[in-house]
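Engineer: I'd like to ask you about the structure that follows.
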Amino acid sequence: MSININQILANAKGKNYDLHEKHVNPRFVKTLTTIGFDNCYTRAEGQYLWDIKGRRYLDMLAGYGVFNVGRNNPEIRQALIDFMATEHPSLVQLEAPLLSGLLAEQLKQRMPNELDYVFFTNSGTECVETAIKYARCATKRTGIIYAYKAFHGLTNGSLSLNGDQTFREGFGDLLPDCIQVPFGDLEALEQALSEKNIAAFIIEPIQGKGVNIAPDNYLKQAQELCHKYGSLFIADEVQCGMGRTGKFLALEHAGDVDPDMVLLSKSLSGGYVPVGAVLTRKWIYNKVFTSMDRSVVHSSTFGQGSLAMVAGLATLDYLDEHQLMQNATATGNYLGQQLTKLKDSYEFIKDIRWRGLMLAIEFGAPRSFKLRAAWTLAHKLNKSLFPQAITIPLLQDHHILTQVAGHNVDVIKLIPPLVINKTDVDYFIASFKTVMDSLHQFPGPCWEVISRIGKTVFPNTPQITPSTPSEDII
C-alpha cells in the first residue's frame, strides 16, 4: 500500500513548530516565534502563500530567490509529471545523460561571452566549492579574493569566502589564503592581485546581503585586473541571476564583461528539484580533467539527475515564453520609483536601490530629535533590530512576507517572484506607507514591536520608552 501523503498532511496540520522544536531546529523556532513569523503555510501559488486559516500573503522573499517563476508553477510541474511517465533512466552514472547535455547547451547560449563546459551541482554552495577547486587547479595558485559582506554559501570552502563574521564564528580554521577586500574598491583589489598568488576573485554583481550594487565600471575593470595578473574572474549569479535583474545575468548590466566562470542555482530549479551549474572556459576544464584517469576527478552523485535537468529546461522555457525578464524590468522599475517617491515623506528612509526585481530599502538615522533618540536606542539593543519594526507589521498586519537583508544592516530586501504585477506593487506600497506612518510616531505600535523583542532577547537592556533619557544616546 503506497503512502497517503494527503492523509499525513491532514493528520499533522498545524504541528509544524512542535515538530521542529523536537526534531529539527529549536533555536530557529524560538527566533520565528519571537518575531511573530511562526505561521503555518498550507498552500502556495505564484507570488502568494496561504496560511492554515486561509489568509493570503504576498511573498516578497521568493524562498531567498528560488521561485523566480512563481511557487508551484503549473507548467514546470507538468513537465516533471510528463517526464516521469516516460520512465526515462536517471543517474546511470556510467553514461553521458541526454538531459544534462541539453540543459548545458541552453545555458551556454544565454551567456554574454563564450563559456565552453558546464558542471552540474545540487546547490549554489556546491557551485562555489567547484569554482574554488577549478581555480586552484587551473592556475596552480591558492589565493581566493572575496568581498566584504559577500555570501557564497555555508559549506566549509564557501564559508571561507563569507564576508560576514557572524557566519564564520565557531567553526575553527577555514581555507587558507582567502583574502577579503571592500566591495567596489578597485585599488584594494589590485593590491591583493599584485601578489600574483591569487587563483581567482569571486564576486556577486549584486550582493544578496544588503543588495549592494557594484559601482559603474567596477565589474569590467575588476575582470581586466584579474586577467592582467593571471587570476580568474568568477561571477556568482546564484541569487541575482536567472532574469531577476531584467537580464539573464546581473553581470550584463555592466556592459562587456568577460567572466571565466559563471555560477547559477536557486531559481534554475523552478522551485522543484535542487540544481546548480558552473559554466567555465575550455582551458580551465582541460587543466582540471587532464586525462581519462582524471575524467571524474570532480563529480557529484546527484548533479545530473534527470528530474533536476527537466526542471532547469522547463524553467528556462518559462522565463522566455512568459517574458519574465521584461516583467522584472518594468515591475521592478515601477516598484523602485514608487518607493523613491516616499523618501522625502519619511525621515527613516535613507536609500532605495534596485536592478529589476532585486530591491533594497535602506533606513538611516532621522533628523528629528525624538525619532533620532529612539533610533539610537534601538541600535544599542541590537544592530539588526530596527528593520524588524517594518518586517513584522508588514507580515502580521498586511500579510506581506519580507526579509532583513543580513546582520547589522538597516536594509529590507525585496526579491519577489518575477510574476508579480502592478496590483501587487500598489498593495505593497500602500501597506508599507501605513507601517512607515506608524514608525514615525514615537511612541507608537512599531516601537512597541521593537520593545517587545528587546525584552525577550535582551532582558537586561533598557527598553524603548518615551521617558528614556536621551542625552547619552544621541
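A short reminder: the numbers here are calculations on the coordinates, not readings from a lab. All figures in this text were calculated on a predicted structure; none of them were measured in a lab. Virtual Cβ from ideal backbone geometry, glycine too; neighbours counted across all protein chains shown.
Engineer: Once label points are set 7 Å from the Cα along Cα→Cβ at both SER2 and ASP173, what is their separation, rounded to one decimal in nm?
Structural biologist: For the pair SER2/ASP173, the computed spacing is 5.3 nm.
Engineer: Counting helices only, and only those DSSP H runs with n ≥ 4, report the 222 nm mean residue ellipticity of the chain as the sum of -39,500 (n - 2.57) divided by its residues, in deg cm²/dmol to the nearest 500. Walk me through the intermediate numbers first.
Structural biologist: On the way: 18 runs with 191 residues, N = 474.
-12000 deg cm²/dmol, from helical runs alone.
Engineer: Take CYS226, CYS137, CYS240 and order them by how many other Cβ atoms sit within 10 Å, fewest up front.
Structural biologist: CYS137, CYS226, CYS240
Engineer: May I have the extent of the alpha carbons of the stretch 74-321 along their three principal axes, as whole Å values ordered from largest to smallest?
Structural biologist: Rounded to whole Å, the extents work out to 56, 42, 39 Å.
Engineer: What is the order of THR142, THR166, THR125, fewest Cβ neighbours within 10 Å to most?
Structural biologist: Ordered from fewest to most neighbouring Cβ atoms within 10 Å, THR142, THR166, THR125 come out as THR166, THR142, THR125.
Engineer: If you don't mind, there's one more thing I want to ask. Relative to the longest principal axis of the C-alpha atoms of the chain, give the angle of the C-alpha long axis of helix 445-457, reported between 0 and 90° and rounded to the nearest 10°.
Structural biologist: On a 0 to 90 degree scale, this one is about 70.
Engineer: Something else now. Over all alpha-carbon pairs of the stretch 412-452, lay out the pair-distance distribution in 5 Å bins, whole %, shortest bin first.
Structural biologist: Going from the shortest bin to the longest, the percentages are 5, 19, 21, 19, 15, 12, 8, 1.
Engineer: Enumerate the calculated ³J(HN,Hα) couplings along the stretch 109-118 in order (Karplus 6.51 cos²θ - 1.76 cosθ + 1.60, θ = phi - 60°), each rounded to whole Hz, writing x wherever the residue is Gly or Pro.
Structural biologist: Computed from phi, the couplings for the stretch 109-118 are 5, 9, 7, x, 9, 8, 10, 9, 10, 10 Hz.
Engineer: Need one number: nm distance between label points at LEU154 and VAL24, each 7 Å from Cα along Cα→Cβ, rounded to one decimal.
Structural biologist: Placing both labels 7 Å beyond Cα along the Cβ direction yields 1.3 nm.
Engineer: Can you give the FRET efficiency for LYS433 and GLN180, using 1/(1 + (r/R0)^6), R0 = 41 Å, r = Cβ-Cβ distance, to the nearest 0.05?
Structural biologist: Result of the calculation: an efficiency of 0.60.
Engineer: Can you sort PHE442, PHE428 so the residue with the fewest Cβ neighbours within 10 Å comes first?
Structural biologist: The order, fewest Cβ neighbours first, is PHE442, PHE428.
Engineer: So, in the stretch 74-321, how many Lys pairs have Cα atoms under 18 Å apart, if the pair is 8 or more places apart or on different chains?
Structural biologist: Count of close lysine pairs: 16.
Engineer: Suppose we keep just the DSSP beta bridges with both residues in the chain; what percent of those would be antiparallel, to 5?
Structural biologist: 65
Engineer: Continuing with the same structure: Extension gain GLN221-ASP351, at 0.36 nm per residue separation less the Cα-Cα distance, in nm?
Structural biologist: Going from the current span to full extension adds 44.2 nm.
Engineer: Restricting to the stretch 74-321, compute how many DSSP beta bridges are antiparallel as a %, nearest 5.
Structural biologist: 45
Engineer: Assuming 0.36 nm per residue, please report the length gained on full extension of the stretch ASP426 to LYS140 beyond their Cα-Cα distance.
Structural biologist: That works out to 97.6 nm of additional length.
Engineer: Quick one: which residues, 5 or more positions from SER123 or on another chain, have an amide H under 5 Å from its amide H? H modelled 1.01 Å from N in the peptide plane, none for Pro or chain starts.
Structural biologist: Excluding prolines and chain starts, which carry no amide H, the hits are GLY276.
Engineer: Using a 7 Å offset from Cα along Cα-Cβ at ASP293, what residues in the stretch 103-137 end up with backbone N under 18 Å from the label point?
Structural biologist: none
Engineer: Which shape class applies to the stretch 254-297: rounded if a/c is under 1.5, otherwise prolate when a/b exceeds b/c and oblate if not, where a ≥ b ≥ c are the square roots of the Cα gyration tensor eigenvalues?
Structural biologist: oblate
Engineer: Here is a further query. Mind giving me the FRET efficiency for LEU9 and LEU32? R0 is 22 Å, r the Cβ-Cβ distance, nearest 0.05 is fine. Don't skip to the end; give the middle numbers.
Structural biologist: Values: r = 20 Å, r/R0 = 0.92.
Once rounded, the FRET efficiency stands at 0.60.
Engineer: Cα-based Rg of the chain per 2.2 N^0.38 Å, rounded to two decimals?
Structural biologist: In units of the globular-protein estimate, the chain measures up at 1.02.
Engineer: Another question, then. Just to verify a number: FRET efficiency for GLN165 and HIS88, C-beta to C-beta distance, R0 = 45 Å, to 0.05?
Structural biologist: 0.45
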